[in-house]
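The values are calculated or read from the model by the stated rules, or taken from the named source; none is laboratory data. Predicted model only: the values in this text are computed from it and were never measured. For neighbour counting, all protein chains shown are included, and Cβ atoms are generated from backbone atoms with ideal geometry for every residue, glycine included. Calculation scope for accessible area: heavy atoms of the full protein, side chains included, ligands and nucleic acids excluded. Shrake-Rupley method; radii C 1.70, N 1.55, O 1.52, S 1.80 Å.
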Amino acid sequence: MRKLSLLLLSLLIFTACTQAQPEATNELNIYSARNYDVDKDLLLRFESETGIKVNLFEGKGDELIERLKLEQADPIADIFMTVGAEALYPALQNELLADLDLNTAKDTLDANTYGDKWVALTKRARIIVYDKVNNPTPSVKNLEDLSDPQYLGTILSRSSTSSYNLALIANHIQNDGYETTRQLAQGLVKNFARTPTGNDRDQAKSVIAGLGQYAIMNTYYVAAMERSTDAEEVKVAQQLGLIYPEETHVNISWIAKIKDSPNPDNAQRLIEFLLSESAQKEYAERNGEYPALNSIPVSSLLLPWDAFNKAEVDYETLGQHNIETIQLFDEVGWE
Amino acid sequence: MFNWKRFTKISSILWILLIFILFSETFTLLTKPTNENWQHSVRYVLGDVSVNTLIIVGFSTFFASLLGIFLAGMVTLFQFKGRKLFSFLFYLALAFPPYVLAYFWTYFISYTGTLQTFLRSLNIPYQATWFVVDPKFMAIFVYTLSLFPYIYISTKAIINRSLGNYIENARVLGYSYPRIFLKLILPLSLPARLSGGLLVALEVLSDYGVVSYLGIPSFSTAIVRSWLRFQDFDTALRLAALLMVLTLVLLAIFAFIGRRIQNLVPIKGKPLQPTALKPKHSIYLVSMLTLFLFLSFGIPLIQLFYWSIQSLASIRLNRFISSLSNSLGLSIGVSLIILLIAFVLANHGRIQKSFISFIAGKLTLLGYSIPGSVIGILSLIFFLNLRNIIPIKLNQSIILLIFALIIRYAGLAYQSIEQGFNKLGLRFNEAAQVLGKSYFNALIKVDLVLLKPALYSAFTMVFLDIIKELPLSLLLRPFNFNTLPPRFISMPMMRCWLNPPSLL
């Protein structure tokens, strides 16, 4: 009898915990791989300004794409936002996204940072960092230099499983072809100071610790470390020198409406809100990103947007190279 | 009239059919031609992945065994102040998810971490290379620390219950304690180490959080990568099939050794009386155990607590509380269901040792060795196929997550309850039957009471594992049903969220 009661209790707990499926009321359902504090604060502000209740579901980009595919016949999400352009191609190929009307917002954006069904919220450059104090005159200008044998045992990078490295190498394949990129990656891997481990911040710290001379990382981490509450991280950021490669790879964090979603009008309002000047300022000031709106100033640690040369990139087809990029990583042994 | 024996037999057959249908998608793939991704994986990936997996599983099991036996020996052989407290605290190591320990220790020894910052603040010269740790060593270290309780629990039980006579005799004959350890405890606790070691091996095999964070190519990361990055379901399931074959081989090896040593020790002997230590030795032992606990768990706990205080302002309490209540509710409820299923299955094996009970047991354990993400995929396919027969939105409901959790963790409860039944034997039940009770009546009124320790142990282990479960929660949780592990991993400034979930 007691066991039966326990079983009934467990069923009651499920019922209590089970959430009802969201209906098309004044709500907005978001699948987001942008897991930053600034995003949560912006969403709270959007909620209070518009009265639209935001339901946030967080996860990693590729997992969320998988969920969107499975739910395609009956979508729950209204908005999908993520941190890498490599997810754009699978989203478009699987027809997950709805048409997006950007109106006059287009006029303030770079031409390659929006499409018919998506728009970039922010941009991130993938650069090379070094120790300004112990290596005041670096002789490196771009990734190709780093693949030279003279830099044996000096390069630090995070794992090839990182979507940022995936996009970086995919961009190179897109512009230079598979074989040239393979040789570049092979050279880099031979020069690794250690097996890739940790995230971008760890690479920067390892440069300052003297475990390597150059590290590959995203610009927004440098700015974020400089604002960190950890005093040691701030010291590391202040000691870092930045090298923007001659053709700097720029990745985007983008947002889109989901096709046939329950609340498309609310989704449109959110996108307009996040592209507004005040929201874009938040991305720049609090997260160290290059905002989609070029008029917004960025962290003083970073070069202004128009002060460096960007590599050509077609974001809509970048993800087409995902599979051969991963195969390239395997072939050159970039773990 | 309710026939319990028939009920357990039918339940076992249905369970086998369910698991078989669930995994059949994987095995039918093996009959189809391979694609380019698979050929690429075999050429460039499979070697490293297999070697890494075997190294990490092997060494983690080995070191967890050493640690588990040593600590079990200390708290059973000797009487010292705080013995019961230490005994309890060693159980608590199970509450630390391995991925939390991996995050913490990686941070702790990093350039801006607590250790190096402390050394720099005192101007103590050091080389940064001293703190560079191979990710595989870090993985083995955290798995050992978080999983040794499986071996600790079973070894402690067997020493207390079955080795009392031997140890007392050895003491009387003047054996030194190192000799007692090496000549008696080590060999005679093999059955316990085997069952605990199997759980450690299966849990390491299926783990995703640690190897993913440390960037170690392993079966679980390769499966997820194939599925999500390559968008290649075929290759992901082929790798999963390989992993299942590896698991079946492991289960067969453990079963073979288990059969050979099943008569090694009596089921029950005289309870062991711990020896009182001299004050000096007592102090050494207590200091050593305290140091171990402090270094392994005390430091992470203090750091996590400190971060918790720091980030109190940024914790959105209402969402945290909702995640917490979701996690607790789900874990308790699913654990109870799993307990019930495992109880029925183990019971069938007890009453009738047949081919059905053997297969049911092994298939149940199989689920425990498969990464949560794979169980997630298979469950999704299963329910999507089921939707063609029963038109309900099952793939979007919490039933899917519960189903996947049951398949994943039934093996853990089954193992514990099966062992409980083995140690109990049938004599109490048969005695009750002689006095006129039916088997089922005797089971509920007599056996169940004596089985309580095994049931509590099963419940605790399953509960703790569910509450730590990452991949299944990430993939299958219903919209707006956030549980703690996904909330934890989605914060880039992990220290903000690191604390509350693991402090639970």
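Considering only region A:206-217, I want to know if a residue exists there that is of a type in the set (A, V, I, L, M, F, W, C), more than 10 Å from chain B (Cβ to nearest Cβ), crowded, with 19+ Cβ neighbours inside 10 Å and touching a Gly at 6+ places or on another chain (Cβ under 9 Å). So far as region A:206-217 goes, no, none of its residues is of a type in the set (A, V, I, L, M, F, W, C), more than 10 Å from chain B (Cβ to nearest Cβ), crowded, with 19+ Cβ neighbours inside 10 Å and touching a Gly at 6+ places or on another chain (Cβ under 9 Å). Within region A:77-94, not a single residue is more than 21 Å from the chain's Cα centre (by Cα) and either assigned by TED's automatic domain parsing to the domain that holds residue A:281 or in contact (Cβ under 8 Å) with a residue 24 or more places away in the chain (or both). Assess whether residue A:90 counts as being within 12 Å of another protein chain (Cβ to nearest Cβ) and under 20 Å from residue A:168 (Cβ atoms). For residue A:90, the condition - within 12 Å of another protein chain (Cβ to nearest Cβ) and under 20 Å from residue A:168 (Cβ atoms) - is met. Annotation note: of A:109, A:102, A:56, A:97, the sole residue that is modelled with pLDDT of 95 or more and open to solvent by less than 50 Å² (accessible area, probe 1.4 Å) is A:97. Can you confirm whether residue B:227 is surrounded by fewer than 17 Cβ atoms within 10 Å (Cβ to Cβ) and aromatic (Phe, Trp, Tyr)? No. One residue is enough: does region B:336-356 have a residue meeting the conditions more than 18 Å from residue B:458 (Cβ to Cβ) and within 14 Å of chain A (Cβ to nearest Cβ)? For region B:336-356, residues more than 18 Å from residue B:458 (Cβ to Cβ) and within 14 Å of chain A (Cβ to nearest Cβ): absent.
Flag not set for residue B:284, criterion: touching a Gly at 6+ places or on another chain (Cβ under 9 Å) and of a type outside the set (A, V, I, L, M).
Being touching a Leu at 6+ places or on another chain (Cβ under 7 Å), within 14 Å of chain A (Cβ to nearest Cβ) and open to solvent by less than 30 Å² (accessible area, probe 1.4 Å) is a condition met by at least one residue of region B:201-213. Of the helices (runs of 4 or more DSSP H) lying entirely inside region B:109-195, those carrying at least 1 residues that are modelled with pLDDT of 90 or more and open to solvent by 10 Å² or more (accessible area, probe 1.4 Å) are B:114-121, B:135-162. Can you tell me how many residues in region B:25-54 are aromatic (Phe, Trp, Tyr) and at pLDDT 80 or above? Qualifying residue count for the region: 2. Remark: pairs (first residue in region A:50-69, over 15 Å from residue A:261 (Cα atoms) and among the acidic types (Asp, Glu); second residue outside any helix (DSSP H, G or I) and open to solvent by 10 Å² or more (accessible area, probe 1.4 Å); Cβ separation under 6 Å; 6+ apart in sequence or on different chains) = A:58/A:35.
Looking at region A:175-191, which of its residues are without any contact (Cβ under 8 Å) to a residue 60 or more places away in the chain and either of a type in the set (Gly, Ala, Ser) or outside any loop (DSSP other than H, G, I, E, B) (or both)? A:176, A:177, A:179, A:180, A:183, A:184, A:187, A:190, listed by residue number.
Tell me whether region A:123-130 contains one or more residues that are open to solvent by 10 Å² or more (accessible area, probe 1.4 Å), more than 15 Å from the chain's Cα centre (by Cα) and assigned by TED's automatic domain parsing to the domain that holds residue A:203. For region A:123-130, residues open to solvent by 10 Å² or more (accessible area, probe 1.4 Å), more than 15 Å from the chain's Cα centre (by Cα) and assigned by TED's automatic domain parsing to the domain that holds residue A:203: present. When A:73, A:24, A:20 are checked against the criterion of being in a loop (DSSP other than H, G, I, E, B), more than 12 Å from chain B (Cβ to nearest Cβ) and either touching a Pro at 6+ places or on another chain (Cβ under 8 Å) or modelled with pLDDT under 85 (or both), A:24 stands alone in meeting it. Only one of the numbered conditions (1) of a type in the set (A, V, I, L, M); (2) surrounded by fewer than 19 Cβ atoms within 10 Å (Cβ to Cβ); (3) modelled with pLDDT of 80 or more is not met by residue B:390, and that is (3).
Contact map, region B:279-296: first residue not assigned by TED's automatic domain parsing to the domain that holds residue B:67, second residue of a type outside the set (A, V, I, L, M), Cβ cut-off under 7 Å, separation 6 or more or different chains; pairs are B:282/B:80; B:282/B:81; B:285/B:78; B:285/B:80; B:286/B:80; B:286/B:81; B:286/B:82; B:289/B:86.
The test for being in the same structural domain as residue B:180 (by TED's automatic domain parsing) and either modelled with pLDDT under 85 or of a type in the set (Asp, Glu) (or both) holds for residue B:94. Selection over region B:224-252 of residues that are part of a helix (DSSP H, G or I), within 14 Å of chain A (Cβ to nearest Cβ), more than 21 Å from the chain's Cα centre (by Cα) and in contact (Cβ under 8 Å) with a residue 24 or more places away in the chain gives a count of 7.
Counting only helices (runs of 4 or more DSSP H) wholly contained in region B:20-103, the ones carrying 2 or more residues that are open to solvent by 80 Å² or more (accessible area, probe 1.4 Å) and under 30 Å from residue B:284 (Cβ atoms) occupy B:46-77, B:83-92. Listed conditions (1) open to solvent by 20 Å² or more (accessible area, probe 1.4 Å); (2) closer than 22 Å to residue A:276 by Cα; (3) not in a loop (DSSP other than H, G, I, E, B); (4) not basic (Lys, Arg) are all met by residue A:116, apart from (3). Listed conditions (1) in contact with a Leu (Cβ under 6 Å, 6 or more places away or on another chain); (2) more than 10 Å from chain A (Cβ to nearest Cβ) are all met by residue B:130, apart from (1).
If you go through region A:152-181 and pick out every residue that is within 13 Å of another protein chain (Cβ to nearest Cβ) and surrounded by fewer than 19 Cβ atoms within 10 Å (Cβ to Cβ), you end up with 2. Here is the figure for region B:112-128: residues that are among the small types (Gly, Ala, Ser) and under 22 Å from residue A:229 (Cβ atoms) total 2.
Taken together, the residues in region A:42-53 that are more than 9 Å from chain B (Cβ to nearest Cβ) and either open to solvent by 20 Å² or more (accessible area, probe 1.4 Å) or modelled with pLDDT under 90 (or both) amount to 7.
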